[in-house]
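Have a look at the structure below before the remarks.
The values are calculated or read from the model by the stated rules, or taken from the named source; none is laboratory data. Keep in mind it's a predicted model, so treat the numbers as computed, not measured. Here the Cβ is made from the backbone with ideal geometry for all residues, glycine too, and neighbour counts use every protein chain on show. Keep in mind that these areas ignore ligands, DNA and RNA; they rest on the heavy atoms of the full protein, side chains included. Shrake-Rupley method; radii C 1.70, N 1.55, O 1.52, S 1.80 Å.
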Amino acid sequence: MALIDVTKSCLDSIRQISEHIEGAIVYLDAGCTESFQLMGAFPLFLDLGARAVCSSENMCALDAVADWNGSFESARKIVIMTSRLLSDAHRFILRCLSMHKGGHCFTIFTSISEVAHSTYPDSPLGPDAFHEYQSLLLQDYEELIENSDLKSGQLVDSNTKGNLTLEDEGWSRFTSNEDVPSLEASSAGKNQYGDSPRQGMVDLGQKPIVSVHHFPMILSPISPRVFVLPSEGSIAEACLSSEHEDSISAGLPSLSTGLPSDVDEVPPAATLTAHFLYHLAAKMDLKMEIFSLGDLSKTIGKILTDMSSLYDVGRRKRTVGLLLIDRTLDLLTPCCHGDSLLDRIFSALPRKERTSSSASIKCSQAQLKPGPSSLARASLEVQIPIGEVLTKEDFEIDDSGLSNGIEAFRCGWDSYNSASEMVDLISLSKKASDEKFFPAELLQGSLVSTETFKGTPYLEAILDRKTKDGAILVKKWLQETLRRENMTTDVKTRPGFASKLELKTMIKALTKSQSSLIRNRGIIQLASATLRALDESCSARWDAFISAEKILSVNAGDTSQSLAAQISDLINKSAFAGSDGKKSGKKELSQGLLSFQDALLLTITGYILAGENFPTSGSGGPFSWQEEHFLKEAILDAILENPSVARLKFLHGLTQELEANLNKTKSDVTKETSTDELNIDDFDDDQWGKWGDEDEDEENDNKEQEYDDMQLKLELRDRVDNLFKYLHKLSSLKSKKGPLGLESNLSSDPYANKGLLYKLLTKILGKFDVPGLEYHSSTVGRLFKSGFGRFGLGQAKPSLADQNLILVFVVGGINGVEVQEAQEALSESGRPDIELVLGGTTFLTPDDMLDLLLGESSYI
């Protein structure tokens, strides 16, 4: 039986729509671009005959003339692929129709199913969602052209139609799903806007042919068996919880209580996630046995069960055990800095900037509903600065003028914005050959899961290894590649260790020629990313976090007093480092020092550890009143010294006041110093009579200032009190997940520092009972239980350990350490016959967790 390969399944799905792609201009939104970039799908589009692949958010008139396959005929087919709801992507689809005219055939693929469109709370589409959208799109297209003609007061030529602005694009049709005209009525050419000037002035030409289809395989595979959802897709951006007593962030599930929820509304992300998993399994020809752990996971499991049918169950498919887990059952693992090379890479490298589409798309919904209407997940597309590894001499690759060609092409492409500007290639060539010109920024790479070394995917091998082992493996791949290219380096290598100098020297050797650079781009990109992650500027902060987290863990095993004292010490040190850096004029902290925001993340870690180790005191938290008072005072002083942290949600609105207070404190110190230096002889006799009035005015000003300072401190104390109430909620995670019994049963040394996923898989594969793990019966199972069970034909409850294929999906996100630990649990189980696939809402770093817990999406 073939092994499961998520990446291969995604690429095969693209091949299945090859008849639409051939000869077409393909438009991808940001979510699809991220997904296809990670799976390496762009060469496949070229092989399938696509004329060009363009961005939906940045489309322009030149897209029509770009052609990868050298065809001289104008494009008649347009393919639009989106990871969003059709209502969210509507403005870009409408703009695409207005830009490409002349009877084109438009094919729209969305990752959201038709049923999910109709059940999504904010979607204006009904049960026949795709058919309704076709009709609405054509109506808005005709209305857009008409409005544009009436504004201009003249016939609309092709240039005018191509330059329509987004402000003119129709949204009125998506306010309600009532009175939606049928597709037949629209295609029959009935004029719903009357017979006025439009018939005499506007020539719409041949009406575009529009079709809408479901394409579920838009996901971001990190390896053949590890995937997450696109960061700018509707599923990842949808809220996982609404604001109520047990919720902590819109980007995380609510705290699991095991009790029926008081909130009747199902979070939008639950519906979208259930439909995604259902169609993913169907596309891979799998039949699901569904298990869940956590309140939101149980909700998703019930939706999946309701979607199943007798037809799905009865077909002869391979069975997969689906295990759904709430992220909030274990917040400690993603908050900590583990020993994972991939986690270091994602934390060290800059990410691609998000498009501004999501903010504008959701603005109308945000005005209607309190709280965040969508999330801003960090992009999964990292930007690897390969150019930073090379020097000016290294960049002269074979003297072939690569930089000249790249810069000339880029400037020539941008020149269309000015019609009168003529691009002088001679001057561009002189610019490119200038000694000051070194286009390092042009050489940026990204991670691609399909890049392999002798059939082994790079990212899959890196996922299973810790930082040191992963770096050594990268060094070994570089050595093998150099040997294959018949290249040598002057640097002596040490076995069992990978230094930055060794990696940098080998990367430079492989980039000496264009052919070698292109041929070995996979290992060059991964090695450059590893080099950046091991750089002192990045590794020092990560190692400082590891050291601090180990100290907190040790103190958590001692007493609450020692843990509170350690947290307070970390806060004070970070505040001193930040204020000292500002006084010395340094913008960045010294290497190895943690900022105040880093200290807040460690405070969250400390409170979670305290909740797991100490009983709740009378104050409602894991620490005594006196211990928590010292922590509050430390945070209060740190905020006054570091007003830049006001961007955190619990300090919104205090930025100006905090900065003014800090400036006043500095000025007071300066005045005191200058006052001490004054000489009494500098005053003349005429000034003595004025002192009384000046003293009185100064006293009044001081009283007003003291009042303002008191008001600020009182407001700040209220904000800090709210922060600690939030920390109390996070420290109660163990009491919320207490029925699981995982900590008590697996508290021996081998499991002490492992995450929930490792402990859970160890118990499941060992066939131990897991309290709180719920099995969702299939349609046939429910039938046997309710009907035939009375005749002794009942169906035994299946075990997850009996499945040869297990899909674990963490609702809220996963990180690299959990992938390692899951593979470790599988290897220790002695079950080589089991295939394990891991998935999650997103890929989480500790900085992402800080943003989720204290940033804009937090419910603090």
Legend entry - Candidates Ser254, Ser220, Ser249, Ser242, filtered to the one that is open to solvent by 10 Å² or more (accessible area, probe 1.4 Å), in contact with a helix residue (DSSP H, G or I) (Cβ under 8 Å, 6 or more places away or on another chain) and either over 20 Å from Asp88 (Cα atoms) or among the aliphatic types (A, V, I, L, M) (or both): Ser254
Inset, instruction - May I ask you to verify whether Gly812 is of a type outside the set (Asp, Glu), open to solvent by less than 10 Å² (accessible area, probe 1.4 Å), farther than 19 Å from Ala461 by Cβ and touching a Lys or Arg at 6+ places or on another chain (Cβ under 6 Å)? - result: yes
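If you scan segment 449-467, which residues turn out to be assigned to a loop (DSSP other than H, G, I, E, B) and either modelled with pLDDT of 90 or more or surrounded by 15 or more Cβ atoms within 10 Å (Cβ to Cβ) (or both)?
Within segment 449-467, the subset assigned to a loop (DSSP other than H, G, I, E, B) is 449-451, 454-455, 464-466.
Result: Ser449, Thr450, Glu451, Asp464, Arg465, Lys466.
Residue by residue, here is whether (1) among the acidic types (Asp, Glu); (2) assigned to a loop (DSSP other than H, G, I, E, B); (3) more than 29 Å from the chain's Cα centre (by Cα) holds:
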site	(1), (2), (3)
Leu447	no, yes, no
Asp469	yes, no, no
Lys476	no, no, yes
Leu482	no, no, yes
Asn486	no, yes, yes
Arg494	no, yes, yes
Lys512	no, yes, yes
Inset, instruction - Quick one: Ala565 ticks every box in (1) out of contact with any Leu (no Cβ under 7 Å at 6 or more places or on another chain); (2) buried (at least 17 other Cβ atoms within 10 Å of the Cβ); (3) of a type outside the set (Ser, Thr, Tyr) except a single one, so which number is it? - result: (2)
Inset, instruction - Answer yes or no: is there a residue in segment 48-65 that is open to solvent by 20 Å² or more (accessible area, probe 1.4 Å), at positive phi and touching a residue at least 40 places away in the same chain (Cβ under 8 Å). - result: no
Inset, instruction - Identify the residue in segment 108-140 that is among the hydroxyl-bearing types (Ser, Thr, Tyr) and open to solvent by 10 Å² or more (accessible area, probe 1.4 Å) and, among all such residues, is nearest to Ser56 (Cα to Cα). - result: Ser111
Inset, instruction - Evaluate the following for Phe72: is it modelled with pLDDT under 90, open to solvent by 10 Å² or more (accessible area, probe 1.4 Å) and either outside the structural domain of Lys283 (by the TED database) or closer than 26 Å to Thr271 by Cα (or both)? - result: yes
Inset, instruction - Scan segment 282-294 and give yes if some residue there is more than 30 Å from Thr355 (Cβ to Cβ), part of a loop (DSSP other than H, G, I, E, B) and out of contact with any Ser or Thr (no Cβ under 9 Å at 6 or more places or on another chain), otherwise no. - result: yes
Legend entry - Leu277 being over 24 Å from Ile218 (Cβ atoms), surrounded by 22 or more Cβ atoms within 10 Å (Cβ to Cβ) and in contact (Cβ under 8 Å) with a residue 60 or more places away in the chain: no
